[in-house]
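The structure appears below as structure tokens.
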Amino acid sequence: MDGEELTEQETALYDRQIRVWGADAQRRLSKSHILVSGLKGTVVEFCKNIVLAGVGSVTLNDDRLVTEELLSANFLVPPDETVYSGKSLAELCCDSLTDFNPMVRVSVEKGEVSKFSADFFDKFDVVVISSCSLSTKQSINEKCRKSLKRIAFYTVDCRDSCGEIFVDLQNYIYTKKKNDEAVECLLEYSSFEEAVSVPWRSLPRRVSKLYLAMRVIEKFEELEGRIPGETSAADLPKVQKLRKELCEAQLLDESQIPDSLLERLSEGRREFPPVCAVIGGILGQEVIKAISGKGDPLKNFFFFDAMDGKGIIEDIFRQKS
Amino acid sequence: MASEQQLSAIKGAKVLMVGAGGIGCELLKTLALSGFKDVHIIDMDTIEVSNLNRQFLFRQSHVGQSKAKVARDAVLKFRPNISITPYHANVKDPEFNVDFFKQFNVVLNGLDNLDARRHVNRLCLAAGVPLVESGTTGFLGQVTVHIKGRTECYECQPKPAPKTYPVCTITSTPSKFVHCIVWAKDLLFAKLFGDKNQDNDLNVRASDASSSSQQSEDVFERKNEEDIEHYGRRIFDHVFGYNIELALSNEDTWKNRNRPRPIYSKDVIPVEPVSQNGNQAKNLVAGNPSSISAMASLGLKNPQDLWSLKENSAIFLEALKLFFSKREKEIGNLTFDKDDQLAVEFVTAAANIRASSFGIPLHSLFEAKGIAGNIVHAVATTNAIIAGLIVIEAIKVLQNDIKNYRMTYCLEHPSRKMLLMPVEPFEPNKSCYVCSETPLTLEINTHGSKLKDLVDKIVKAKLGMNLPLIMHGSSLLYEVGDDLEEDEVANYAANLEKVLSELPSPVIGGTILTVEDLQQELKCSINVKHREEFDEEKEPDGMVLSGWTQPLAVEKNGKGSTDNGASTSRVSETTSLVMEDDDELQIIPAQIAKKRKLSDISSAASSDASSFRNEAKFKRKAEEADNNNDVVMLDGGSSENSKKKREQ
């Protein structure tokens, strides 16, 4: 289809997954370029999944110097100070990921992701960001949207035993099999900014409480100028106060965002590895779908909470006027 | 992050993992990251190239090494201070007895076959150790929790049985490509390269051809000094030409079917041998017998390509020639193996030529290999998700958090907005012969069936026993074990060949047999009922066991792919354990989705409707997965019956 055939080596290595998504999808994967920023446990899981799947290249961005806490859910870097001392998280992950699949080019891009120009994002088919502020999410999403080609944009966050994925595929057309006929489907996505500005009163009925709670925490970090993810139990009173304000402004009953959930989220600095595996797996699957054009992509939020075990899709969409 | 209680439960736990494959690699990693300190892991497999796309603890340089050991070393690199004990062994080995299992707080399965799953289930029940069971295929997966007396055991619900095809569909009236594959693999390949003493239906086809079938037994033998090229063409013309002509002479068969077209080698490939010298040289360079390839000889590279009839015929002849010239010593002992390149080439070509004859669309080697080898689809992401869910359940089990146990389905398409759907576990099935002591009833012809039939078809195949012992009252009829005296062994061997009613302690209608597996600590009573006649089509075993949960007719089975090569016209259920490199899902039986109350769906007013939709989805999935299934044949099928037998 795209011309080039898979090599013998690729066919042997990817045999089992070609049986899932076909040789065309595998070829598209091998030509895709992915930018990943913020390399905590969930994102490391994601990187493993796409490197194994055989994407063309993965560019890692995370200048943070490695600390023991940053490695709590990281299986790429040995917890040995003599190994990691003085190196950035991206550098260390890069060495290890390269080893997983020699057919994938893994590299490091230094710098602060929020400062990258729109041109920079043009090089990628997929952008995944994590551990960043509300405003960074919004501005990178906008830069991706300005590109002439479609860049699939994802954010992912895990706190305590909860995780959230956001997806923006802009206007996405894919073929779906219905009664053995190929039907063309169009999905219209909202940007992150549009999605989170949907008034809470007009959200889908019984929207996941996690959606609301994550918005409160996100806003709290933004207002307080916190490094994303750097909250603690001590912040709870302030977080609760913010919840009250937001709920009043949005005409929503405060009980929709339970204390217990806010407490877990604000304490949840360290990741829970099983949740990283689940969220990193779902995100990997979604990115593979978007690149390969195979399968229905999720629209546009995904939530998982290990407490109830549910993995839920929410469609939070801003109607264009 | 885990709470303090969770952490202390995790730190104090001793965990047994069975399987270090697709799920196993992910699971061991997640256990280590989550803070588990003492993990034992059993896997008999070694690493293969096709594992590397998802079993991320392994590298190219590890191919051929023990999965359990390499997985341990890889995980210790990022969590050096934990204890991981690997066993490169079969979980059914006697060393892994009930006492062995008792030392663990929880057992986590990342297995790929029904047989081993049943075995581990029984040991967990006997040892009183909780079991977290799992499976994946493609984007689908599931995790279940089994606690003796609290939740259903792994065998409380019917497990899908192997797919079967009536013999006549395979030998005379194929209508799908899979029928051609079964013919090529189980009949032709077995006939030419397998055990000559095996029954084989290759030439028993037209009922009026009995006179020629005697003769044709010799057709497949290579005559002394017969030129290999000549022999290949003779086989080709016999199976694709002469046999089709013979079948065509049976007019009744073709009233409502398209008539097949006989194909003779000279019409496809003129008799003029292909450039021999060049081929020879290539094969000599290859050296290693596993790299002998007809595709390579003929310059065909891409396994995804569809070959023309001519190419298939050339591959057929070339592969046959290579078997006889390069691998002559193996002939007579070969069984089909999906990792045997030449065997896959031969089967692909033969199936395609037959498909051509019958007007069935041809398939690439890649596709044919998947069907013939029963290769399960597998991706890293599903395994990672399932492994995460296993650990979440394992932590609950360690804290004895009974009310929160869940079985979780990982779906490809959302159901009620859910991609990960938790469901409350079932109560134990009171009529389960494994976890409750329900007697079974066996209808059998006690004057016709031998003890051997009972052992093979019931005790091993149906009851899944590994080292069985059969007693009638206080007299032992049969026993297996290393510690038997010679005279006992001889005695039991003699008993096996005896008809039930003629055993030293005769087994007749009304007899109650006790069947026991000392390793699994499973004991069942079987009430014997004498019956003279059995329907060959519906009851091919010639005996019927009831009081246990019957397997569903079609869908997924738990067999490995390697042992089916020499299947005769009987349903050949295997008891041998072959751990494959793939993880396989026990497709969720549709009725479970209906019967089970889904956990806290207080919300959905439409819950019933969507639950049914969901059920349909599982059914569809089951059917899809079925395309890839293991294939076993039933004997004596007439075409009318064959309709019933087919799954769609």
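The values are calculated or read from the model by the stated rules, or taken from the named source; none is laboratory data. These numbers come from a predicted model, not from an experiment. No Cβ is skipped: glycine too gets one built from the backbone with ideal geometry, and neighbour counts run over all protein chains shown. Ligands, DNA and RNA are stripped out before the accessible areas are found, and what is left, the full protein with its side chains, is counted by its heavy atoms. Shrake-Rupley method; radii C 1.70, N 1.55, O 1.52, S 1.80 Å.
Assuming B:LEU52 fulfils every condition listed in (1) hydrophobic (A, V, I, L, M, F, W, C); (2) within 14 Å of chain A (Cβ to nearest Cβ); (3) in contact (Cβ under 8 Å) with a residue 24 or more places away in the chain apart from one, which condition is it?
For B:LEU52, the exception is condition (3).
Being without any contact (Cβ under 8 Å) to a residue 24 or more places away in the chain and crowded, with 23+ Cβ neighbours inside 10 Å is the filter here, so list the residues in the range B:55-69 that pass it.
none
How about the range A:140-197: which strands (runs of 3 or more DSSP E) wholly inside it have at least 2 residues that are hydroxyl-bearing (Ser, Thr, Tyr) and crowded, with 20+ Cβ neighbours inside 10 Å?
A:152-159
The rows are residues; the columns are (1) surrounded by 18 or more Cβ atoms within 10 Å (Cβ to Cβ); (2) under 20 Å from B:ASP73 (Cβ atoms); (3) touching a helix residue (DSSP H, G or I) at 6+ places or on another chain (Cβ under 8 Å).
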| site | (1), (2), (3) |
| --- | --- |
| B:LEU7 | no, no, no |
| B:ILE10 | yes, no, yes |
| B:GLY22 | yes, yes, yes |
| B:LEU28 | yes, yes, yes |
| B:LEU33 | yes, yes, yes |
| B:LYS37 | no, yes, yes |
| B:ILE41 | yes, yes, yes |
| B:MET44 | yes, yes, no |
| B:VAL49 | no, yes, yes |
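Closer than 26 Å to A:ALA290 by Cβ, within 13 Å of another protein chain (Cβ to nearest Cβ), of a type in the set (Val, Ile, Thr) and open to solvent by 40 Å² or more (accessible area, probe 1.4 Å), is that true of A:THR7?
Here the answer is yes, as A:THR7 does meet what is asked.
Being of a type in the set (Asp, Glu) and away from every other protein chain (no Cβ under 14 Å) narrows it down to one residue among A:GLU286, A:GLU245, A:GLU263; which is it?
A:GLU245
Matching residues to (1) away from chain A (no Cβ under 13 Å); (2) of a type outside the set (A, V, I, L, M); (3) in contact with a strand residue (DSSP E or B) (Cβ under 6 Å, 6 or more places away or on another chain); (4) more than 25 Å from B:THR164 (Cβ to Cβ):
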| residue | (1), (2), (3), (4) |
| --- | --- |
| B:PHE336 | yes, yes, no, no |
| B:ALA343 | yes, no, no, no |
| B:THR348 | yes, yes, no, no |
| B:SER356 | yes, yes, no, yes |
| B:SER364 | no, yes, no, yes |
| B:HIS377 | no, yes, yes, no |
| B:TYR409 | no, yes, yes, yes |
| B:PRO414 | no, yes, yes, yes |
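Any residue in the range B:73-85 that is touching a strand residue (DSSP E or B) at 6+ places or on another chain (Cβ under 8 Å) and away from every other protein chain (no Cβ under 14 Å)?
yes
Looking at the range B:47-81, which of the residues that are modelled with pLDDT of 95 or more and polar (S, T, N, Q) is farthest from the chain's Cα centre (by Cα)?
B:GLN65
Among the numbered criteria (1) modelled with pLDDT under 90; (2) within 14 Å of chain A (Cβ to nearest Cβ); (3) in contact with a Ser or Thr (Cβ under 6 Å, 6 or more places away or on another chain), which single criterion is violated by B:VAL423?
Against the list (1) modelled with pLDDT under 90; (2) within 14 Å of chain A (Cβ to nearest Cβ); (3) in contact with a Ser or Thr (Cβ under 6 Å, 6 or more places away or on another chain), B:VAL423 comes up short only on (1).
Residues A:GLU245, A:GLU218, A:GLU222: which one is outside the structural domain of A:LEU186 (by TED's automatic domain parsing), under 16 Å from the mean Cα position of the chain (by Cα), at pLDDT 90 or above and not small (Gly, Ala, Ser)?
Being outside the structural domain of A:LEU186 (by TED's automatic domain parsing), under 16 Å from the mean Cα position of the chain (by Cα), at pLDDT 90 or above and not small (Gly, Ala, Ser) holds for just one of A:GLU245, A:GLU218, A:GLU222, which is A:GLU218.
Can you list the helices (runs of 4 or more DSSP H) found entirely within the range B:71-189 that contain at least 1 residues being surrounded by 23 or more Cβ atoms within 10 Å (Cβ to Cβ)?
Fully inside the range B:71-189 and qualifying: B:114-127, B:167-171, B:177-182.
Quick one: count up the residues across the range B:215-260 that are of a type in the set (A, V, I, L, M, F, W, C) and open to solvent by 90 Å² or more (accessible area, probe 1.4 Å).
0
Select, from A:VAL275, A:VAL239, the only residue that is surrounded by 20 or more Cβ atoms within 10 Å (Cβ to Cβ) and at the interface with chain B (Cβ under 7 Å from one of its Cβ atoms).
Every option except A:VAL275 fails the conditions.
Find the residue count for the range B:434-451, including only residues that are open to solvent by less than 10 Å² (accessible area, probe 1.4 Å) and closer than 30 Å to B:ILE23 by Cβ.
Going through the range B:434-451 one residue at a time, the tally reaches 0.
Got a number for residues in the range A:108-126 being among the charged types (D, E, K, R) and either part of a helix (DSSP H, G or I) or crowded, with 16+ Cβ neighbours inside 10 Å (or both)?
Looking only at that region, the number is 4.
Here are A:SER85, A:SER72: which of them is at negative phi and away from chain B (no Cβ under 13 Å)?
None of the other options fit; the residue is A:SER85.
Restricting the search to the range A:92-107, which residues are surrounded by fewer than 19 Cβ atoms within 10 Å (Cβ to Cβ) and either basic (Lys, Arg) or more than 14 Å from every other protein chain (Cβ to nearest Cβ) (or both)?
Of everything in the range A:92-107, those that are surrounded by fewer than 19 Cβ atoms within 10 Å (Cβ to Cβ) and either basic (Lys, Arg) or more than 14 Å from every other protein chain (Cβ to nearest Cβ) (or both) turn out to be A:ARG105, A:SER107.
May I ask you to list pairs of residues, at least six apart or on different chains, whose Cβ atoms are under 6 Å apart, with the first in the range A:5-22 being assigned by TED's automatic domain parsing to the domain that holds A:VAL51 and the second being among the hydroxyl-bearing types (Ser, Thr, Tyr) and part of a helix (DSSP H, G or I)?
That search, which allows pairs on different chains as well, returns A:ASP15/B:SER50; A:ARG16/B:SER50; A:TRP21/A:SER292.
Check the range A:76-85 and report whether any residue there is aliphatic (A, V, I, L, M) and either open to solvent by less than 10 Å² (accessible area, probe 1.4 Å) or within 21 Å of the chain's Cα centre (by Cα) (or both).
yes
Going through the range B:379-397 one residue at a time, which ones are more than 21 Å from B:LEU114 (Cα to Cα) and more than 7 Å from every other protein chain (Cβ to nearest Cβ)?
Within the range B:379-397, B:GLU393, B:ALA394, B:ILE395, B:LYS396, B:VAL397 meet the criteria.
If we keep just the residues of the range A:16-45 that are at the interface with chain B (Cβ under 9 Å from one of its Cβ atoms) and under 15 Å from A:GLU271 (Cβ atoms), which is surrounded by the fewest Cβ atoms within 10 Å (Cβ to Cβ)?
A:GLY41
Look through the range A:198-207, keep the residues that are in contact (Cβ under 8 Å) with a residue 40 or more places away in the chain and more than 14 Å from chain B (Cβ to nearest Cβ), and return whichever of them is most open to solvent (accessible area, probe 1.4 Å).
A:ARG201
I'd like to check something: does the range A:131-139 contain any residue that is crowded, with 23+ Cβ neighbours inside 10 Å, modelled with pLDDT under 95 and hydroxyl-bearing (Ser, Thr, Tyr)?
For the range A:131-139, residues crowded, with 23+ Cβ neighbours inside 10 Å, modelled with pLDDT under 95 and hydroxyl-bearing (Ser, Thr, Tyr): present.
Going by what's in this entry, would B:PRO428 be described as in a loop (DSSP other than H, G, I, E, B) and either surrounded by fewer than 22 Cβ atoms within 10 Å (Cβ to Cβ) or free of Cβ contacts under 8 Å to residues at least 24 places away in the same chain (or both)?
Yes, satisfied.
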